[in-house]
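Undergrad: Dumping the structure here so I can ask a few things about it.
The values are calculated or read from the model by the stated rules, or taken from the named source; none is laboratory data. Nothing here was measured: the structure is a model prediction, and the numbers come from that model. FYI the Cβ positions are ideal-geometry reconstructions off the backbone, even for glycines, and counts take in every protein chain you see. All accessible areas refer to the heavy atoms of the entire protein, side chains included, with ligands and DNA or RNA removed. Shrake-Rupley method; radii C 1.70, N 1.55, O 1.52, S 1.80 Å.
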Amino acid sequence: MYLDCRVEIPNEPGKISRFKKGKTVYIRYVVSRTYHPDKKYNVPDHKTIGKLDPENPAQMIPNENFLKYFGDVELPEIRNNSERSSCIRIGAFLVIRKIMEDYNLPQILSGYLGAKDCGLLLDLAAYSIVCENNAAQYYPTYAYNHPLFTEKMHIYSDSHISDFLASVTDDQRIGFLNDWNSERDHREKIYISYDSTNKNCQAGDIDLVEYGHPKDDKGLPVFNYSIAYDTDNKEPLFYEQYPGSIVDISQLQFMLEKARGYGYRKVGFILDRGYFSKENIQYMDSCGYDFVIMVKGMKSFVSDLILENRGKFENIRSFNIRQYKTFGMTVKKQLYASDEEERYFHIYYSDQKAAAEHEQIEARIDRMEKYLDSVKGHKVTFGEVYRKYFKLEIYEQDGTFLYYREKTDVIQREIDLCGYFVIITSRQMTAKDALELYKSRDASEKLFKGDKSYLGNRSLRVQSDETAEAKIFTEFVALIVRCRIYTLLKDEMEQMENKPNYMTVPAALRELEKIELVRGLDGRYRLDHAVTATQKKILKAFRMDADSVRKMANGLSEMLAEYNKEHTQEEKNGTTKEEHINGRRDRKAGRSSREVKRKV
C-alpha cells in the first residue's frame, strides 16, 4: 500500500538502490546481508520502501515498509481522501461506533474538544483497539482502509496527531471524567476494583517518569497508572497517573478522596494485598467505605490464624465452594490491637493450590542446596534468604563456608501454609460471597492486560508531559470501549453450549474486519459479500444482525460518495483557478513581449 504523500529519498550510501519495472522505478533498501561461503560474497536482502516520484527524482512515494524502517521520518500532511483504499474494512468500526454512541462518548467529548478534535480522538481510540497499537506513525495506514469519525473522514498525518495530542488540556480531560462519572448511577451499591500498573518511558523530560519499583523491572524509568473499575456494571470509572517512585500503598487515600469527589458514596472497594496497611483501613472506615482485601498468607497474624483453624474445614463438604474448587470458613475478630471494629476473616484452602505451592517450595530448597554444595570450602557471602532456611556453618577466622543444615521447622511451617489464603471484609458476608466479590476484580486485571497487550500501550512513545497525559486519556477512552466489547462477548459466550475460540476480543475483531466495502467502477462502495455465520454469532453479542450491517454499510457508502464528490469538486475548482491565474500570467507575458518588439 502506497501512502498519499511524498518524502525525500533516504540518504543511506550503499543501502539505497533503484529498480525499474515497466515505467515505474522502485526504491529498494538493503535491510541485511547474508554471506555465502561457497560463492564468497554477500547477498543483500532488499525491501521495496516506495516508488520514485516521476515529477521529482529526489523524492519518492513511500509504502508501509518505509514506515517500518524509517519510522522516525516525519510524514507530510496526507491529502483528504484523494486515494482512499478501494477496500474499506467496516465490521469492527460499526461495533465500536455503536458502543461509543451507546455510552454517549461522541457527545461528551465534542463538548470539550469540538467536533473536529473529538473525531480524531475517537479514531485514535478505535485504531488502538483494532490494530493493537498506539504508534501515531502507523495511524495513516489504518485510516487508509477504515471508516473514520473525523469530519469528511479526513486522514491526518502522524505530525498532525502529535500536534493534536500536545494541544489537549487538563480542563478537557478532567471535564470528560467529571461528565463520564456523573452519568453513572450513584444510587445503587457497587464495588469498585482498584488496581495499578506501571509503564516504561525513556523520554527524559516527562515529570511523571521516575525510577521506581516496577513488577517487571527492565532498568527503565516508569510512571504509575491506576484504574477504578465498577465490578457490578463492568465498566471503568476513572484513572490516575502518578510518578513512578510513589508506591501503591501510599496512593490509595488520594484515590478514595477522588472517588468522593465524583459522588460515589454507596460503594465498597476490592483491593489487592499491595494496598493493605493499618492507615488505609482506618481511612476507609472514616470515609464509610466497605472493603474486600486480600492479605499475604505469610504475614504473622494471618499465618497464626490459619494454623489455629487448620483442620476445621478442609475437605468438609458443607464448607465446599464448588465453583472455585475451594473450601472456606469465616472467623470474626479484630484486625489489630487498637481496632474499634470487628472484621470478617475468610480462610480458604485449595488442594490444587497446595500441591503447586508445595512443589515450588521443594524446588526452591533443592536449588539452594545445590548451590550450597557447590560453594563448600569457599569464601562466600550469603543473603538473608539462605539464612532463613538453613543453619550455615562458616569458619570464623577466614570466612570459609563449611556445611549447612536445614531449618526443618521453618520449612515445615511454610509447607503447612500451602494452599491457604485469606480475604478480609469490613461487612458481614459468607466465605463464598467474599470470594466471588474478590474474583470479580479479575476483570480489572484483564483490563490492564488488554491495555498493555491488545492496545499497544506497554510503553508511551512521547516526548512531553502534555502529549503523555493526552495519550493516557485516549487510552482510557479506548479501554471503556474494549471493556464493553469484552463483557458483551463473554456474556454471549456463556449462553452457548460450546466455547468457540472466535468469541475473544482479538479473534472477534479479526473476524469482523473481514466485512468490507469494495469500490466499483462507478466509484461507489458496496458490501463485498454477505455476512457469514460466524460473523452473525459475533454480531449477536452487540444486538446487531446482517440487516443492520447492510443498512449501516449503505449509510457509509452514501457518506463516502458525498465526500468523494465534494473532494472532486474542490480539486476541479482548484485546477480551474490555477489555470485562470496561469492564463492571465501568460497573456500578460505575451503583451509584454509584443510591446518590447514594437519598441525595438
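Undergrad: What's the number of the condition Ile423 fails, among (1) in contact (Cβ under 8 Å) with a residue 40 or more places away in the chain; (2) open to solvent by 90 Å² or more (accessible area, probe 1.4 Å)?
TA: (2)
Undergrad: Is one or more of the residues making up segment 90-100 at pLDDT below 95, in contact with an Asp or Glu (Cβ under 6 Å, 6 or more places away or on another chain) and over 17 Å from Glu183 (Cβ atoms)? Lay out the reasoning, then the answer.
TA: Restricting attention to segment 90-100, the residues satisfying the condition of being at pLDDT below 95 are none.
Within segment 90-100, not a single residue is at pLDDT below 95, in contact with an Asp or Glu (Cβ under 6 Å, 6 or more places away or on another chain) and over 17 Å from Glu183 (Cβ atoms).
Undergrad: Mind listing whichever residues of segment 496-517 are free of Cβ contacts under 8 Å to residues at least 24 places away in the same chain and among the hydroxyl-bearing types (Ser, Thr, Tyr)?
TA: If the condition is that a residue be free of Cβ contacts under 8 Å to residues at least 24 places away in the same chain and among the hydroxyl-bearing types (Ser, Thr, Tyr), then Thr504 is the only one that fits.
Undergrad: Give the residues of segment 395-447 that are of a type in the set (A, V, I, L, M, F, W, C), part of a strand (DSSP E or B) and within 20 Å of Gln334 (Cα to Cα), sorted by residue number.
TA: Our first condition is that a residue be of a type in the set (A, V, I, L, M, F, W, C); within segment 395-447, this holds for 401-402, 410-411, 415, 417-418, 421-424, 429, 431, 434-435, 437, 443, 447.
So of that shortlist, the ones also part of a strand (DSSP E or B) come out as 401-402, 421-424.
Within segment 395-447, Phe421, Val422, Ile423, Ile424 qualify.
Undergrad: Which condition number does Val462 fail, the rest of (1) crowded, with 19+ Cβ neighbours inside 10 Å; (2) among the aliphatic types (A, V, I, L, M); (3) more than 30 Å from Asp72 (Cα to Cα); (4) at pLDDT below 95 being met?
TA: Result: Val462 passes all but (3).
Undergrad: Yes or no: segment 71-89 includes at least one residue that is without any contact (Cβ under 8 Å) to a residue 60 or more places away in the chain, open to solvent by less than 40 Å² (accessible area, probe 1.4 Å) and of a type outside the set (Ser, Thr, Tyr).
TA: No, segment 71-89 contains no residue that is without any contact (Cβ under 8 Å) to a residue 60 or more places away in the chain, open to solvent by less than 40 Å² (accessible area, probe 1.4 Å) and of a type outside the set (Ser, Thr, Tyr).
Undergrad: Looking only at segment 20-41, count every residue that is part of a strand (DSSP E or B) and either under 29 Å from Ile88 (Cβ atoms) or in contact (Cβ under 8 Å) with a residue 24 or more places away in the chain (or both) and tell me the total. Full working, then the answer.
TA: Start the filter on segment 20-41 by keeping residues that are part of a strand (DSSP E or B), which leaves 20-21, 24-36, 41.
Adding the requirement that they be either under 29 Å from Ile88 (Cβ atoms) or in contact (Cβ under 8 Å) with a residue 24 or more places away in the chain (or both) leaves 21, 24-27, 29, 31.
The total comes to 7.
Undergrad: Still on this model: Filter segment 357-384 for residues that are open to solvent by 50 Å² or more (accessible area, probe 1.4 Å) and more than 16 Å from Arg413 (Cα to Cα) and give the result.
TA: Selection gives Asp366, Arg367, Lys370, Tyr371, Asp373, Ser374, Lys376, Gly377, His378, Lys379, Thr381, Glu384.
Undergrad: Go through (1) open to solvent by less than 50 Å² (accessible area, probe 1.4 Å); (2) outside any strand (DSSP E or B) one by one and return the number of the condition Asp195 breaks.
TA: Only one criterion in (1) open to solvent by less than 50 Å² (accessible area, probe 1.4 Å); (2) outside any strand (DSSP E or B) is unmet by Asp195, namely (2).
Undergrad: Could you check how many residues of segment 530-542 are open to solvent by 80 Å² or more (accessible area, probe 1.4 Å) and free of Cβ contacts under 8 Å to residues at least 12 places away in the same chain?
TA: The total comes to 1.
Undergrad: If you check every pair at least six apart or on different chains, which have Cβ atoms under 7 Å apart with a residue in segment 389-411 that is touching a residue at least 12 places away in the same chain (Cβ under 8 Å) and at negative phi first and a residue that is open to solvent by 80 Å² or more (accessible area, probe 1.4 Å) and assigned to a helix (DSSP H, G or I) second?
TA: Going by the 7 Å Cβ cut-off, the qualifying pairs are Val410/Lys388.
Undergrad: Out of segment 15-52, which residues are more than 38 Å from the chain's Cα centre (by Cα), open to solvent by less than 60 Å² (accessible area, probe 1.4 Å) and either at positive phi or modelled with pLDDT of 90 or more (or both)?
TA: Matches in segment 15-52: Ser17, Val25.
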